[in-house]
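The values are calculated or read from the model by the stated rules, or taken from the named source; none is laboratory data. Since we're looking at a predicted model, the values are computed, not measured. FYI the Cβ positions are ideal-geometry reconstructions off the backbone, even for glycines, and counts take in every protein chain you see.
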Amino acid sequence: MGKRYVSIWFCHLLADWQAIRHPELKDTPFVFVVADHGRMVVTAVSIQAQRQGIEPGMRAADAKAICPGLEVIAEKPGRVLKLLKSLGEWCIRYTPIVAMDEFSSDGLIMDVSGCPHLWGGEREYLKDIKSHLKAKGFTIRLAIADTPGAAWAVSHFGKTTPLVLPGTHAEALLSLPPEALRLEKSTVAKLQKLGFYHIKSFIGMPRSVLRRRFGESFLIRLGQALGTQEEAMHPITLPVEFQERLPCLEPIKTRKGIEIGINRLLECLCLRLEKEGKGLRTGVLTCYRVDGKIIKIDIGTNAPTHSVSHLFKLFELKIDQIRPALGIELFTLTASSVDNLIVPQEVLWDGTRGLKDRSVICLLDRVAGKVGAHVIHRYLPDTRYWPEYSVKDADSISEKASTQWRIDRPRPTELLRNPEPIEVMALIPDHPPKFFVYKAVRHQIIKADGPERIEREWWLDAGEHRDYYQVEDQHGQRYWLFRSGHYSNEQPYQWYIHGFFA
């Protein structure tokens, strides 16, 4: 089957958008204007204003003279492109390749090859697009043909059917005016001056004659409409490398139907990942509802995987967040983040334990799916002096440590994020304290070991060193205390508690 393209022309794009936002303007004639060389020029008109003879390009003063009750609205730069891009993203439910009309900037061109049969045929496909956009409040004309140029021509100038059957696009162009070829105004004026008011008047002329009279760009446009000249498209959203789509013949309303859809998407996606030696790290399921609402749920894994059963369990935990309402008509599954996957060698007796055990990783993924990934942390040693900075969060479960854990000196099992000041009494300033007061509780020190001096990172900031002591109170509880700096009569030193031993 050959290529098929759909052209959608939003006849009153800005006006429809304004009427949707302000329903009170529905029956009021209004226009959008922009400053041009010291005067206000009409750029877009509502249907009511057009019926009174107001057209784009007219001066605002002339438009108000024709229609005294005309409402004038200043157009903001970039608003049309932003609106058109948003509509293009919405239309991705019909095809993955949607581009903005670069000639007139008020339409979309879609490569729909292989898509219409999912809606029951091209006629039903066009009907569905038109009904949904009309329900949103937009006035459109659309057409489907073998080339983008032919589809554009019929959508803008066609008088009969918007459905141009395969192989008949050249015939559909014959009765249309030269403007349908997306020509420059000067070229159109030249053609009309010569009496060429329809494409059939010159389509049979030798190409050398047409080139000499109207230029190379004229032949390019004619070739694009006929299909003899390639036309490049620039999709609004480039196809994602790892993405699967599942259009639904009937809207999905039940949990079982959603589960079947997710499972089918995962089977296709994981097969692609496996072939390329990749594993999913982050996945996003997007559900397009019949009423136009888009629902997204995402999952994350601690290690790359292409296991369908494991990923399905993660999505299964979040299915309750999907409210199908009137039904879901399209599912897309995107692996927004992937990593290389090294398949472990299978052995008869596998003594792998800890984070290399796949069952542990699967457990962590499911816990994260239930309570959130933020509650799971893995720490690695960092090359810092201060104890509170000597650990860091790992980016992934497979990240390797850049340095070794320090095990030559004992460290507390619980370390305070920030050391807290305490009151201390010491017989000799440079000796361990005899007791300390922490949170209004006095702890008599029975045993003490230290000091362990930890210098400050002078290349980062200035300050005193720390002398750490391990102490045990009368109840057998052990603490990690330190004195900041040397004892000095001019500047009294300060003691802190920094951790608790088991």
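Here are Gln18, Gln50: which of them is farther than 17 Å from Ser104 by Cα and touching a strand residue (DSSP E or B) at 6+ places or on another chain (Cβ under 8 Å)? Reasoning before the result, please.
On the way: Gln50 fails: touching a strand residue (DSSP E or B) at 6+ places or on another chain (Cβ under 8 Å).
Sole residue among the options that is farther than 17 Å from Ser104 by Cα and touching a strand residue (DSSP E or B) at 6+ places or on another chain (Cβ under 8 Å): Gln18.
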query = Conditions: (1) modelled with pLDDT under 90; (2) touching a Gly at 6+ places or on another chain (Cβ under 6 Å). Ile20 meets all but one. Number of the miss?
reply = (1)
query = What number of residues within the stretch 129-161 satisfy the criterion of being touching a residue at least 40 places away in the same chain (Cβ under 8 Å) and charged (D, E, K, R)?
reply = 3
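If you check Val33 against the conditions, is it farther than 30 Å from Ala225 by Cβ, surrounded by 14 or more Cβ atoms within 10 Å (Cβ to Cβ) and touching a helix residue (DSSP H, G or I) at 6+ places or on another chain (Cβ under 9 Å)?
Details: farther than 30 Å from Ala225 by Cβ: yes; surrounded by 14 or more Cβ atoms within 10 Å (Cβ to Cβ): yes; touching a helix residue (DSSP H, G or I) at 6+ places or on another chain (Cβ under 9 Å): yes.
Yes; evaluated as a whole, the condition is true for this residue.
Here's the yes/no breakdown for (1) at pLDDT 90 or above; (2) in contact with a Gly (Cβ under 8 Å, 6 or more places away or on another chain); (3) within 19 Å of Pro235 (Cβ to Cβ):
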{"position": "Asp101", "(1), (2), (3)": "yes, yes, yes"}
{"position": "Val112", "(1), (2), (3)": "yes, no, yes"}
{"position": "Asp128", "(1), (2), (3)": "yes, no, no"}
{"position": "Thr139", "(1), (2), (3)": "yes, no, no"}
request  = Show the residue pairs that are 6+ apart or on different chains and have beta-carbon atoms under 7 Å apart, the first residue being within the stretch 188-199 and free of Cβ contacts under 8 Å to residues at least 60 places away in the same chain and in a loop (DSSP other than H, G, I, E, B), the second being among the polar types (S, T, N, Q) and surrounded by 12 or more Cβ atoms within 10 Å (Cβ to Cβ).
outcome  = His198/Ser175
